[in-house]
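Asker: Here it is: the structure, laid out below.
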Amino acid sequence: MGKLGLDPVTVARARALAAEAGRPVVELARSHTTVSVERAVLRLAGVAGADPDGIPWVNRLVDAVVADVGLGHGVALPVFDALLREGVDDVTLLAQKAAAGSVRFAVPDGRFRTAARRSADRHVRAGLRRIDRRRAERDRLVARCGDAPRRPWIYLIVATGDIFEDIPQAQAAARAGADVIAVIRSTGQSLLDYVPEGATREGFAGTYATQENFRLMRAALDETSAQLGRYVRLTNYASGLCMPEMAVLAGLERLDMMLNDSMYGILFRDINPVRTFVDQRFSRQVHARAGIVINTGEDNYLTTADAVEAAHTVTVSQLLNEYFAHEAGLADWQLGLGHAFEVDPDLPESFRLELAHALLARELFPDAPLKWMPPTRHMTGDVFRGNLLDGFFNLVGAMTGQGILLVGMMTEAVVTPWLSDRDIALQNVRYVLGAAGGLHEDFVPAPGGFIQRRADQVLREAVGLLERIASGSLLDAIGDGTFGIMRRPADRGKGLDGVAAHEPGYYNPAAHLLEVS
Amino acid sequence: MGKLGLDPVTVARARALAAEAGRPVVELARSHTTVSVERAVLRLAGVAGADPDGIPWVNRLVDAVVADVGLGHGVALPVFDALLREGVDDVTLLAQKAAAGSVRFAVPDGRFRTAARRSADRHVRAGLRRIDRRRAERDRLVARCGDAPRRPWIYLIVATGDIFEDIPQAQAAARAGADVIAVIRSTGQSLLDYVPEGATREGFAGTYATQENFRLMRAALDETSAQLGRYVRLTNYASGLCMPEMAVLAGLERLDMMLNDSMYGILFRDINPVRTFVDQRFSRQVHARAGIVINTGEDNYLTTADAVEAAHTVTVSQLLNEYFAHEAGLADWQLGLGHAFEVDPDLPESFRLELAHALLARELFPDAPLKWMPPTRHMTGDVFRGNLLDGFFNLVGAMTGQGILLVGMMTEAVVTPWLSDRDIALQNVRYVLGAAGGLHEDFVPAPGGFIQRRADQVLREAVGLLERIASGSLLDAIGDGTFGIMRRPADRGKGLDGVAAHEPGYYNPAAHLLEVS
Amino acid sequence: MSGKTVVRPYGDTTGDGMVQVSFTLPVPHDKRGEGAALQLAGKMGLDPAMLVHARAMGDGFTFFVVYGRVGHLVDLAAVRVAERDYPLLTAKDVNGAVRRRLRRKLSVVGACIGTDAHTVGIDAILNVKGVAGQKGLEYYRELRVLNLGAQVTVPELVEAARAERADAVLVSQVVTQRDAHLHNVREMSAAFREAFPASRRPLLVVGGPRFDEMMAAELGVDRIFGRGTTPGEVASYLVHALTARRAAA
Amino acid sequence: MSGKTVVRPYGDTTGDGMVQVSFTLPVPHDKRGEGAALQLAGKMGLDPAMLVHARAMGDGFTFFVVYGRVGHLVDLAAVRVAERDYPLLTAKDVNGAVRRRLRRKLSVVGACIGTDAHTVGIDAILNVKGVAGQKGLEYYRELRVLNLGAQVTVPELVEAARAERADAVLVSQVVTQRDAHLHNVREMSAAFREAFPASRRPLLVVGGPRFDEMMAAELGVDRIFGRGTTPGEVASYLVHALTARRAAA
Ligand code: B12
Ligand code: B12
Ligand SMILES: Cc1ncc(COP(=O)(O)O)c(C=O)c1O
Ligand SMILES: Cc1ncc(COP(=O)(O)O)c(C=O)c1O
């Protein structure tokens, strides 16, 4: 029944409407590919490394294929056809040759197609097996080291820009109680149409997400996990122009969670909507396979739109993210749906509004972990007040059973977190969870009272908006500024030139293997 | 019925036991007097000012009377007898003469007694009328300016040591939202057996309580109240060796609340128990007449004893304070019974323990305002954490309907409050009351759950302790370290030499007039 | 306060000089570490300094809170600030002045440059919605506003300024880690200097919450706006600066 | 860390020098006030200094929070601390040492002097109950402890020390406003110097949360103990100091 007494018919209707609104977008995703999807396939097939200028071989290879035959057939058949023809065994070697201009690509036919397809499948299957092994390894390590002692998982951000500063800070944070470490990316990265290579030390307000940085950090946290007797999870970002590749790299390096939203890139990075929807579907299929928990980005809407006025847009987006996630094969336990404590603290009853919103999400998605984000927009340079707000944010998290608690920092409005900020923030969390963790037992929203009424209102507004979207189209709604007041027309935004509709005979061995499984 | 489901029979039994335990002490108070009680009478009768060394004329006069006839007859009859005999009209003048050694005192008899008594009554009645006028004036000002907009009243401390620094700080605090200003006393004052005179600038960690300082601060706050359209209350301390005189001065200068506990001076200032009980009874009779709200000091027990182990001693002391207060004529609305947020924050469920304790007090004393004191003992130099704890303290205050919220300072473990500390603390209170003020609507301790069980346990422990005290004696219990782990035998402590048993024919015009009224 | 030009920090008594400081040192938490914290506090001018909190973090780091008295005097007469040297105009006055003095619409191009994607600040200044109850520049009838949004490169911005014949270019920078904002602004002003002759260069206006408003000259821009800027201030400044320029030209 | 003797404050990168500062100035909140705050931050060594928060309080006061980089270096080699120059003994060893070297009970008199009534600290050191899991000095069989409690005058304390033939006098001071603790301790040490010949003067030990442990000589006492002192440290010190004295005598 829940504490809110939500009407099950309305809830079911909301879900049905979300599916209705999302279905055409899934069709779009099924019938298009992108350069990043294809590069992700090649990464699964074993292409690794970068040229001396730092451009990854997957980029060089895809560019070469596209130059010869375009993108619409997918790169797998042309690449494995060439591999067989050239008699090379290593796909990376082929990429190097292609970059040197010594290989031509064609779309194979007949038995060449069959041979190329068989080779592609074999290579990609090997990549997926590596991902499967990392997933099994995670299960083993969690069993061996032990898991986080309680929900919510305590999620902390590291963001020095230098992987070698990040590592000790992450380890310190884990020792101090973090269950999840997220390494924030450098500001520029999400608009790069390639994944940088190697260990990096020069990010701005974040550290580049690279396979090597993933590996270094995961290894460091494995060490710490063993010491602590508690498996410490690692998170990074799949969002941006390289979403599918990031998903693959995360799977290969045993990351445990990934920020992965169906619309974030569109809204907040001005990435083309079609590009994003295609990329996100593939990346989610990979996450599903890798046993990775995704975190969606509804919290961001409340940094540009008002948290009370736009509360229902969060709900709508959560329902859409759920629909897309299920469709891509993710299970409920993998859905870290986002929402945030962003109501203006000066608004009367703001805390109870937060409780209503957080509880609504909890009751709409009872089996999803939910990612609960701290106040950012109304944080100021008054760090004393900031720590207080974070405490009340933590309290809402505890009272409404959130699954993942992203720890707020008193310096939110000032700097990316300092070592001491994290320590102060963790003390805050520990206090609130320890002292008031059981308060949900005594928290019973009065029937027909403020909290129930507010939750009901938000749900009804969400249904209203979903009706409007379903009767039009989601792409139009995004174009109109429905989410986060950002207007993003479907024919604009970055990365559109990296999208292609499938040609007849398009083949993607990874998609094939992932759909089947 | 309340949220705790307290057993009314147990509650009634607790009250009956408190009365049983307190009654012998009231008998003691009725049959003894002290130098301070007598000085208070003289202040009511109009003696004012101090000699060139700063010793008040009331002290000089009482000392002179005691030297001639002892204390046990009371000073009123000897003094007014002398007044009539000397043909002076002004009692202060008589005091000056007595100090110069030019007046002898005797206990009058027969018609001299009647005459002295009549004169004493007339003078003291004039003093009481001044107090009555100040009370009426308060009522008028509250009606005219308006009252605090809500409960809890926000209570802030000022403590510079210099009345002329205190005044602007108090005005700033009032403008920033304080409903009550308390001027903390200099550390040494409570053990002075006289009340200093005049405006003062040299206190340590507090400002001397003097009639002139009272007047200056009340006038300043009257000005601010008028500007703000909200009557700002003023508090000081009727504790220490001059408790009865402080009460009189507070009444004369229209203070609105006074710290006044039946045992604080005994426990925390090592003042003799008999002296304290006699003094407190008289001071409370004056407070009752002056319409002053008293604040008791149970919070202090939790700074020396553990807040969980000793929670029931707070309840016992509240019941005793209530009994003594009613006996002295105070109404329920005047009982700011003290309690505090002092459970070790590292203790699991500490916040819920606080809720249980605070709610128990609330439901035991439904018509008393209750004074809710902030964390002090577990505050450290970590001011960021300190502000957080204060926020959770404020939240308990809001959730349990406390009447007077003493605002905690993040610098509690560091310094007496700075101007900025008060501002930060008030922002904290405003946030919590504004954002979560209505949360009590949704706070329903689970039947038979943690909070109800804890409240029930504390109540039962309180009854157990009251049974032990009632079957022995309160003075012995105090001697044994029952309260705040301080052992204070009845025959030790400061100020004992200022106590005397009534001689036959003892007369105290003020007590007489106050008992009658 | 009035008249006094030398003041000290105030804890609870005039002239007490009291301040609060916190920092982390890469030292373990022991007596030597506390001594090190006091040494630093001493160098900052705290005397006496009270070390009131120390907490070990991770391996070999300790966080400290110190309270104490500083001897430093603050000389109000010596304070240098970017004073507003132009009158605050209403929207109506701004429009009137543009019409009268420019006789055409005033063209404004805005953007977040570099990898910065924080558009809320520049949107607050430019979009109709505005901020703090004031409408943004788009609302001014005589202003033509093009808001390029986030993550605009410097060449794109120069190009847009040229195409729009911009009178003023408004740039927002919110991310400051590793002085990203300073690098980006320097790059931008250099590019405009290169691309335009001095007399035709648009006015360069920069804003963001962490700028030092005194650095305009150093960064090669005409004006910097900080925390809490309102659209009205910016519009008034533009009118003032552009008509002054015209007068000079 | 090991080996390095010069360090800087650490925000999130080695050597970044970042610190946080807050204070109030008796100035109204305006641009000039913010400039004044930056001037003070500059004098404390913050460069660059970011003024991140300013809030007007009452009439003519403003509270500021400033973040920034300080250039100061912390030289660990130059840190002066009151190092523990005696071994930490168990209660058994303390008793043994007293028995062996003094051949009588060691007499300790403790008090809060002046108007200070904060007894929790001295009780933590002296009473059996102790603190932080350690029993207090009363628990030591070879120590004779008299705890005079709060608000003891200096003459009373001297008198009690004489009557008890105190080997050590332990004084607690918690209230520090207007340097009350320093005045009281100076008065106390002067009185003991007057009342006893140097060779017979009891050891003077002072404690409290806000003392600078380096000030012992300046205050005329033998030792100062600060925040978080344990009874074991005090007992060990007493044995060390008194037997050293005896050896010297
Ligand atoms: C909202 C927000 C976001 C939103 C931005 C949405 C959007 N479309 O703008 C989202 C969620 C997308 C986001 C993402 C990130 N953010 Co962000 N974000 C914030 C946040 C919470 C509020 C900023 C804001 O909107 N302020 C409100 C506006 C109105 O204020 P303002 O910008 O100061 O603008 C005013 C004035 O400065 C001035 N002004 C500003 N610009 C201009 C320009 C001109 C010409 C003029 C005249 C005036 C002017 O006028 C404005 C009105 O008064 C701050 C934290 C905080 N509370 O400040 C962090 C913060 C700015 N973000 C930060 C970071 C690091 C990021 C990320 C890089 C994190 C990551 N690695 O993933 C990402 C990536 C962003 C990127 N590529 O730049 C850091 C920056 C740290 C630093 N000092 O370098 C902050 C401080 C948080 C933190 N402590 O880590 N963020
Ligand atoms: C408990 C307490 C009280 C209790 C005291 C009960 C009692 N019997 O002691 C009560 C409620 C009575 C009280 C009253 C007042 N208090 Co008070 N109180 C506190 C409080 C909350 C805790 C102090 C404490 O017990 N600490 C725990 C002990 C174990 O720690 P400690 O004292 O530091 O002792 C350790 C070491 O320092 C050392 N040590 C201490 N003494 C000695 C001695 C020797 C010889 C050695 C070797 C070691 C040693 O060893 C101890 C164990 O590790 C503090 C705030 C805080 N959180 O610190 C305010 C505080 C100390 N009080 C303060 C004030 C101002 C007062 C009052 C004056 C307020 C007033 N005007 O009414 C009154 C009057 C008291 C008076 N005349 O002195 C201020 C002092 C401000 C300052 N820096 O000057 C504080 C800091 C609160 C504040 N911010 O305003 N208080
Ligand atoms: C879903 C999602 N993806 C990505 C990001 C980070 O953005 P970027 O790496 O593009 O700067 C966020 C930001 O919080 C997010 O919520
Ligand atoms: C009831 C009561 N009286 C008095 C005081 C203050 O004590 P004094 O003025 O004796 O220092 C307190 C302290 O908080 C108190 O609770």
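Asker: I want to confirm something. Restricting to the stretch A:255-282 and keeping residues that are crowded, with 24+ Cβ neighbours inside 10 Å and basic (Lys, Arg), which single residue is farthest from A:Glu137 (Cα to Cα)?
Answerer: Here the residue is A:Arg275.
Asker: Show the residue pairs that are 6+ apart or on different chains and have beta-carbon atoms under 6 Å apart, the first residue being within the stretch C:69-87 and under 22 Å from C:Met44 (Cβ atoms), the second being polar (S, T, N, Q).
Answerer: Partner pairs satisfying both residue conditions: C:Val74/D:Gln39; C:Leu76/C:Thr5; C:Val79/D:Gln39.
Asker: Here's another thing I want to ask about it. Scan the stretch C:4-12 and tell me whether some residue there is in contact (Cβ under 8 Å) with a residue 12 or more places away in the chain and within 14 Å of chain A (Cβ to nearest Cβ).
Answerer: Checking the stretch C:4-12: not a single residue is in contact (Cβ under 8 Å) with a residue 12 or more places away in the chain and within 14 Å of chain A (Cβ to nearest Cβ).
Asker: Filter the stretch A:200-225 for residues that are more than 13 Å from every other protein chain (Cβ to nearest Cβ) and touching a Ser or Thr at 6+ places or on another chain (Cβ under 7 Å); which is nearest to ligand 2 (Cβ to nearest atom)?
Answerer: A:Asn213
Asker: Filter the stretch C:46-58 down to residues that are within 14 Å of chain A (Cβ to nearest Cβ) and either in contact (Cβ under 8 Å) with a residue 24 or more places away in the chain or part of a strand (DSSP E or B) (or both), then give me how many there are.
Answerer: Just the residues of the stretch C:46-58 that are within 14 Å of chain A (Cβ to nearest Cβ), to begin with: C:53-58.
Next cut, either in contact (Cβ under 8 Å) with a residue 24 or more places away in the chain or part of a strand (DSSP E or B) (or both) only: C:53-57.
Residues in the stretch C:46-58 being within 14 Å of chain A (Cβ to nearest Cβ) and either in contact (Cβ under 8 Å) with a residue 24 or more places away in the chain or part of a strand (DSSP E or B) (or both): 5 in total.
Asker: A follow-up question, please. For the stretch B:486-504, which positions are outside any loop (DSSP other than H, G, I, E, B) and either within 13 Å of chain D (Cβ to nearest Cβ) or within 16 Å of ligand 4 (Cβ to nearest atom) (or both)? Full working, then the answer.
Answerer: Within the stretch B:486-504, the first condition is being outside any loop (DSSP other than H, G, I, E, B), and the residues that meet it are B:494, B:496-501.
If the condition is that a residue be outside any loop (DSSP other than H, G, I, E, B) and either within 13 Å of chain D (Cβ to nearest Cβ) or within 16 Å of ligand 4 (Cβ to nearest atom) (or both), then B:Lys494 is the only one that fits.
Asker: Given the criterion more than 14 Å from ligand 2 (Cβ to nearest atom), surrounded by 15 or more Cβ atoms within 10 Å (Cβ to Cβ), more than 27 Å from C:Leu51 (Cα to Cα) and away from chain B (no Cβ under 14 Å), identify the matching residue among D:Arg201, D:Arg186. Before you say what the answer is, go through the steps one by one.
Answerer: On the way: D:Arg186 fails: more than 27 Å from C:Leu51 (Cα to Cα).
It is D:Arg201.
Asker: Quick one: how many residues across the stretch B:418-436 are buried (at least 23 other Cβ atoms within 10 Å of the Cβ) and more than 7 Å from every other protein chain (Cβ to nearest Cβ)?
Answerer: Matching residues across the stretch B:418-436 total 5.
Asker: Kindly list the number of the only condition in (1) more than 23 Å from the chain's Cα centre (by Cα); (2) outside the structural domain of C:Arg32 (by TED's automatic domain parsing); (3) without any contact (Cβ under 8 Å) to a residue 60 or more places away in the chain that fails for C:Ala97.
Answerer: So the condition that C:Ala97 fails would be (3).
Asker: Right, another one. So, in the stretch A:168-194, exactly how many residues are within 15 Å of A:Asn236 (Cβ to Cβ), away from ligand 1 (no atom under 14 Å from the Cβ) and surrounded by fewer than 23 Cβ atoms within 10 Å (Cβ to Cβ)?
Answerer: Count: 0.
Asker: Take the residues in the stretch A:191-225 that are within 13 Å of ligand 3 (Cβ to nearest atom) and in contact with an Asp or Glu (Cβ under 6 Å, 6 or more places away or on another chain); name whichever of them is farthest from D:Asp12 (Cα to Cα).
Answerer: Among residues in the stretch A:191-225 that are within 13 Å of ligand 3 (Cβ to nearest atom) and in contact with an Asp or Glu (Cβ under 6 Å, 6 or more places away or on another chain), the one farthest from D:Asp12 (Cα to Cα) is A:Val195.
Asker: Something else: Restricting attention to the stretch B:126-171, which residues are small (Gly, Ala, Ser) and in a loop (DSSP other than H, G, I, E, B)? Even if it seems obvious, please write down each step before you answer.
Answerer: Step one: of the stretch B:126-171, the residues small (Gly, Ala, Ser) are B:126-127, B:136, B:143, B:146, B:148, B:159, B:161, B:170.
Of everything in the stretch B:126-171, those that are small (Gly, Ala, Ser) and in a loop (DSSP other than H, G, I, E, B) turn out to be B:Gly146, B:Ala148, B:Ala159, B:Gly161.
Asker: Give the residues of the stretch C:74-89 that are facing chain D (nearest Cβ under 9 Å) and surrounded by fewer than 15 Cβ atoms within 10 Å (Cβ to Cβ), sorted by residue number.
Answerer: Narrowing the stretch C:74-89 to residues facing chain D (nearest Cβ under 9 Å): C:74-76, C:78-84.
Result: C:Asp75, C:Ala78, C:Arg80, C:Glu83, C:Arg84.
Asker: Only one of these conditions is not met by A:Thr304: (1) at pLDDT 95 or above; (2) closer than 23 Å to A:Met486 by Cβ. Which number is it?
Answerer: (1)
Asker: When you scan the stretch A:3-45, how many residues do you find that are surrounded by 15 or more Cβ atoms within 10 Å (Cβ to Cβ), outside any helix (DSSP H, G or I) and of a type outside the set (A, V, I, L, M)?
Answerer: Final tally of qualifying residues: 4.
Asker: Same structure, new question: What's the number of the condition A:Arg201 fails, among (1) over 30 Å from A:Pro149 (Cβ atoms); (2) crowded, with 19+ Cβ neighbours inside 10 Å?
Answerer: Only one criterion is unmet by A:Arg201, namely (2).
Asker: Assuming A:Gly229 fulfils every condition listed in (1) among the small types (Gly, Ala, Ser); (2) surrounded by fewer than 24 Cβ atoms within 10 Å (Cβ to Cβ); (3) within 14 Å of ligand 3 (Cβ to nearest atom) apart from one, which condition is it?
Answerer: With respect to (1) among the small types (Gly, Ala, Ser); (2) surrounded by fewer than 24 Cβ atoms within 10 Å (Cβ to Cβ); (3) within 14 Å of ligand 3 (Cβ to nearest atom), A:Gly229 is out only on (3).
Asker: Give the stretch A:158-171 a look and list any residue that's away from chain C (no Cβ under 13 Å) and either of a type in the set (A, V, I, L, M) or in contact with a helix residue (DSSP H, G or I) (Cβ under 6 Å, 6 or more places away or on another chain) (or both), or say none.
Answerer: Across the stretch A:158-171, the qualifying residue is only A:Ile163.
Asker: Which residue out of A:Gly206, A:Gly198, A:Gly240 is outside any helix (DSSP H, G or I), more than 19 Å from A:Ile271 (Cα to Cα) and within 15 Å of ligand 1 (Cβ to nearest atom)? Before the answer, list the steps.
Answerer: Details: A:Gly198 fails: within 15 Å of ligand 1 (Cβ to nearest atom); A:Gly240 fails: more than 19 Å from A:Ile271 (Cα to Cα).
Every option except A:Gly206 fails the conditions.
Asker: Go through the stretch A:172-190 and give me each residue that's at the interface with chain C (Cβ under 9 Å from one of its Cβ atoms), part of a helix (DSSP H, G or I) and more than 8 Å from ligand 3 (Cβ to nearest atom).
Answerer: Of the stretch A:172-190, the ones at the interface with chain C (Cβ under 9 Å from one of its Cβ atoms) are A:172-173, A:175-176, A:186-190.
Those left that are additionally part of a helix (DSSP H, G or I): A:172-173, A:175, A:189-190.
Matches in the stretch A:172-190: A:Ala172, A:Ala173, A:Arg175.
Results for (1) within 14 Å of ligand 2 (Cβ to nearest atom); (2) in a helix (DSSP H, G or I); (3) not assigned by TED's automatic domain parsing to the domain that holds B:Ala172, shown as yes or no for each residue.
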position: B:Phe384; (1), (2), (3): no, yes, no
position: B:Leu405; (1), (2), (3): no, no, no
position: B:Thr416; (1), (2), (3): yes, no, no
position: B:Asp421; (1), (2), (3): yes, yes, no
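Asker: Given the conditions (1) within 10 Å of another protein chain (Cβ to nearest Cβ); (2) out of contact with any Gly (no Cβ under 6 Å at 6 or more places or on another chain); (3) in a loop (DSSP other than H, G, I, E, B), and given that B:Met410 satisfies all but one, which numbered condition is not satisfied?
Answerer: Going through (1) within 10 Å of another protein chain (Cβ to nearest Cβ); (2) out of contact with any Gly (no Cβ under 6 Å at 6 or more places or on another chain); (3) in a loop (DSSP other than H, G, I, E, B) one by one, B:Met410 breaks only (2).
Asker: Still on this structure: Residues in the stretch C:33-45: is at least one assigned to a strand (DSSP E or B), within 14 Å of chain B (Cβ to nearest Cβ) and not hydroxyl-bearing (Ser, Thr, Tyr)? Steps first, please.
Answerer: Taking the stretch C:33-45 first, the residues assigned to a strand (DSSP E or B) are none.
Taking every residue of the stretch C:33-45 in turn, none turns out to be assigned to a strand (DSSP E or B), within 14 Å of chain B (Cβ to nearest Cβ) and not hydroxyl-bearing (Ser, Thr, Tyr).
Asker: Can you tell me which residue in the stretch A:291-304 is farthest from the chain's Cα centre (by Cα), limited to those that are more than 11 Å from ligand 3 (Cβ to nearest atom) and crowded, with 24+ Cβ neighbours inside 10 Å? If you could, list the steps in order and put the result at the bottom.
Answerer: Of the stretch A:291-304, the ones more than 11 Å from ligand 3 (Cβ to nearest atom) are A:291-293, A:302, A:304.
Now drop any that are not crowded, with 24+ Cβ neighbours inside 10 Å, which leaves A:292-293, A:302.
Numbers: A:Ile292: 10, A:Val293: 8, A:Leu302: 18 Å.
The extreme case among them is A:Leu302.
Asker: Since B:His440 meets every condition but one in (1) out of contact with any strand residue (DSSP E or B) (no Cβ under 8 Å at 6 or more places or on another chain); (2) surrounded by fewer than 21 Cβ atoms within 10 Å (Cβ to Cβ); (3) more than 19 Å from B:His339 (Cβ to Cβ), which condition does it not meet?
Answerer: The failed condition is (3).
Asker: Which residue out of D:Ala124, D:Ala77 is under 28 Å from B:Ile485 (Cα atoms) and not in a loop (DSSP other than H, G, I, E, B)?
Answerer: Working: D:Ala77 fails: under 28 Å from B:Ile485 (Cα atoms).
Going through D:Ala124, D:Ala77 in turn, just one is under 28 Å from B:Ile485 (Cα atoms) and not in a loop (DSSP other than H, G, I, E, B): D:Ala124.
Asker: So, one more: Report whether or not B:Ala307 is out of contact with any helix residue (DSSP H, G or I) (no Cβ under 7 Å at 6 or more places or on another chain) and within 14 Å of chain A (Cβ to nearest Cβ).
Answerer: On the way: out of contact with any helix residue (DSSP H, G or I) (no Cβ under 7 Å at 6 or more places or on another chain): yes; within 14 Å of chain A (Cβ to nearest Cβ): yes.
Criteria met by B:Ala307.
Asker: I would also like to ask the following. Quick one: which of B:Gly229, B:Gly265, B:Gly251 is in the same structural domain as B:Leu335 (by TED's automatic domain parsing) and on the phi > 0 side of the Ramachandran plot? Spell out the reasoning first.
Answerer: Numbers: B:Gly265 fails: on the phi > 0 side of the Ramachandran plot; B:Gly251 fails: on the phi > 0 side of the Ramachandran plot.
After ruling out the rest, the residue left standing is B:Gly229.
The values are calculated or read from the model by the stated rules, or taken from the named source; none is laboratory data. Source: prediction; values computed, not measured. Counting neighbours? That spans all protein chains shown, and the Cβs are built from the backbone with ideal geometry, glycine included.
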